[in-house]
Amino acid sequence: MTVEAVLADGQVRATFRPQRPGFHLYSLDLPPDGVQGLGIPTVVAVRGSLDAIAEPSADKPVHELRIEELDVTLPVYPDGPVTVTLPVRSIGDGPAEVVVTYGACSASTCLPPVRERAMALT
C-alpha cells in the first residue's frame, strides 16, 4: 500500500493505493477496536501547524463485507484506491504532518496494519 498526502485549498487529501489488485481498506467509521476485534479503521489526522476543522470524508462509498466463517460484517471501501479528504486550517508557521492509520485486506490476506504513521505533506 502506498499513501500520498497533499495539502491544497484548505484540505489534506490522503490517497491510499493498494500495490496489488483485490485489496480494500476499512471504513473511516469502523470502531477503533474493529468489529469483534477485526479490522483497522482508516484514520487521517494532522499535527503541527495544521488543525482539522471537520470530519474526514472518503471519495468511495462504504459497503458491507460479510465474512460468514467468522459471523461478522465489516464496513469497507471497494477494492482499489481511496482518497480521504480532511478540511484543515493553519495554526502556525511550523512544520505540519499528516498521520495515517489503516488496514488493507483482500478476500484471503491482510497486510500488517499501519498505526499512526507520520508523513510529510507535499
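The values are calculated or read from the model by the stated rules, or taken from the named source; none is laboratory data. As the structure is a computational prediction, the values presented were derived from the model and not from experiment. Cβ coordinates were reconstructed from backbone atoms using ideal geometry, including for glycine residues, and neighbour counts include every protein chain displayed. With ligands, DNA and RNA removed, areas are computed over all heavy atoms of the protein, side chains included. Shrake-Rupley method; radii C 1.70, N 1.55, O 1.52, S 1.80 Å.
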| field | Residues (open to solvent by less than 40 Å² (accessible area, probe 1.4 Å) and without any contact (Cβ under 8 Å) to a residue 60 or more places away in the chain) located in the stretch 1-27 | value | 8, 27
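Which residue out of 41, 78, 31, 61 is surrounded by 14 or more Cβ atoms within 10 Å (Cβ to Cβ) and assigned to a loop (DSSP other than H, G, I, E, B)? If you could, list the steps in order and put the result at the bottom.
Working: 78 fails: surrounded by 14 or more Cβ atoms within 10 Å (Cβ to Cβ); 31 fails: surrounded by 14 or more Cβ atoms within 10 Å (Cβ to Cβ); 61 fails: surrounded by 14 or more Cβ atoms within 10 Å (Cβ to Cβ).
So the residue among 41, 78, 31, 61 that is surrounded by 14 or more Cβ atoms within 10 Å (Cβ to Cβ) and assigned to a loop (DSSP other than H, G, I, E, B) is 41.
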| query | Out of curiosity, is residue 57 in contact (Cβ under 8 Å) with a residue 24 or more places away in the chain and farther than 22 Å from residue 17 by Cβ? | reply | no
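Give the stretch 49-58 a look and list any residue that's in a strand (DSSP E or B) and either open to solvent by less than 50 Å² (accessible area, probe 1.4 Å) or within 17 Å of residue 112 (Cβ to Cβ) (or both), or say none. Steps first, please.
Kept after step one, since they are in a strand (DSSP E or B), are these residues of the stretch 49-58: 50-52, 57-58.
Scanning the stretch 49-58 gives 50, 52, 58.
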